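I have placed the structure first, in the form of structure tokens, so that the comments after it can refer back to it.
A short reminder: the numbers here are calculations on the coordinates, not readings from a lab. Here the structure is a predicted model, which is why all the values come from computation and not from measurement. Glycine also receives a Cβ, built like all others from the backbone with ideal geometry; neighbour counts cover every protein chain displayed.
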Amino acid sequence: MFCELCAAAIIGFLCWNLLQDSDYVLRFYEAFGKSDENLRGKVAWITGAGSGIGKALALHWASKSVRLVLTDLNSDSLEKVKSTIGAMKSPHTGIEDVLLLCTGPRNPFVKSTIGAMKSPHTGIEDVLLLSGDVTVRENHSKWFNSVMNKFGTLDILVNNAGRVVQGDFSTVAFDIDEALMNVNTMAPVGLTKEVLPHFIKKKSGHIVTTSSILGHLVIPNVSAYCASKAAVLLTGDFPKILNPMGPRRCAKLITVAVVNQVSEAWISTQPLLGILRISMIIPAWIFDWCGRMGFKLSVWAKKKGII
């Protein structure tokens, strides 16, 4: 009977694991940790905010009245994100939806009070757009000065901008690998060094960097990308987010990590999350298996003309 209960418990635990999209610590904080309402009024700087995770994070935080600094290489994408934020409708009744049917002295006061209700969403006046290349070191100080001139402070930096290049390590030009490393690794280092004195002076601040599971599990044809994300994991003591999943759910889980000050969060769909967990126990076998599977996938992709 005892063995049957143990077997049932193990099977139940494994099945429960298949439903998870983040590590156990993050799931705990999602259920019992601080609310993302704690971000209200904070100033957050998000790079790579024109699309993907950065865009989803900007929109999610805008719904929490976070004052936003958005950076991306594509200025048109940033304008679209800002327009989307501006179009967010307040749940409060607007004064245009109030009709007074009495001339009593208190009615105008009631209407003005309704009109003064502040929307819980970020307004476009609280969004600063900084378009440009994150790898240009001169931009960092210029951008930070713009942030301070606009808001007077900064509470959160999210190093999210990144790129990926596919191809055989032996054939991809060195300049391309170098450019990728500059975006994925050196840009976060530069921006972090730019804002760190401010955080130290105010004795508070939060720095987040999105990494990748491929910083742990290396596969062929994206070697430079894997190396750049592994380097991010080894750079500094700020929180890292490992993620290969949908941007909206990822944005929610990143918010949980930020609010609860999680030092490293694993965010992923299955089976990658399970493979990553197993790799912590038997790394050599998992790395060898990933290499073989990655090679087979790369051969198949080449035949299909994908890479």
Worksheet item: Long-range amide H contacts for GLY246: which residues qualify at under 5 Å (H placed 1.01 Å from N, peptide plane, sequence gap of 5 or more or a different chain)?
Response: none
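Using R₀ = 41 Å, calculate the FRET efficiency as 1/(1 + (r/R₀)^6) where r is the Cβ-Cβ separation of PHE174 and TRP289; round to 0.05. Walk me through the numbers on the way to the answer.
Values: r = 29 Å, r/R0 = 0.72.
Efficiency at R0 = 41 Å is approximately 0.90.
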Worksheet item: Is the stretch 1-91 rounded, prolate or oblate when judged by the Cα gyration tensor, a ≥ b ≥ c being the square roots of its eigenvalues, rounded requiring a/c under 1.5 and prolate requiring a/b larger than b/c?
Response: prolate
Worksheet, complete the sentence: Residues whose modelled amide H sits under 5 Å from the amide H of LEU128, counting only those 5 or more places away in sequence or on another chain, are LEU68, VAL69, LEU70
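Would you mind putting 68-74, 3-9 in packing order, based on average other-beta-carbon counts within 10 Å, highest first? Intermediate values should be presented prior to the final figure.
Values: 68-74: 23.1, 3-9: 9.1.
Packing proxy ranking, top to bottom: 68-74, 3-9.
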Worksheet entry | Amide H contacts of VAL158 (H built 1.01 Å from N, under 5 Å, at least 5 apart or other chain) | TRP45, ILE46, THR47, VAL208
Response to the item:
Taking 75-82, 265-272, 47-54 and ranking on average Cβ neighbours within 10 Å, highest first, one gets 47-54, 265-272, 75-82
Worksheet item: How would you order 156-164, 137-145, 37-45 from highest to lowest mean count of nearby Cβ atoms within 10 Å?
Response: 156-164, 37-45, 137-145
Worksheet item: Among PHE2, PHE151, what is the fewest-to-most ranking by other Cβ atoms within 10 Å?
Response: PHE2, PHE151
Worksheet item: In terms of Cα to Cα distance under 16 Å, which aspartates and glutamates are near enough to LYS202, apart from those fewer than 8 places away along the same chain?
Response: ASP155, GLU194
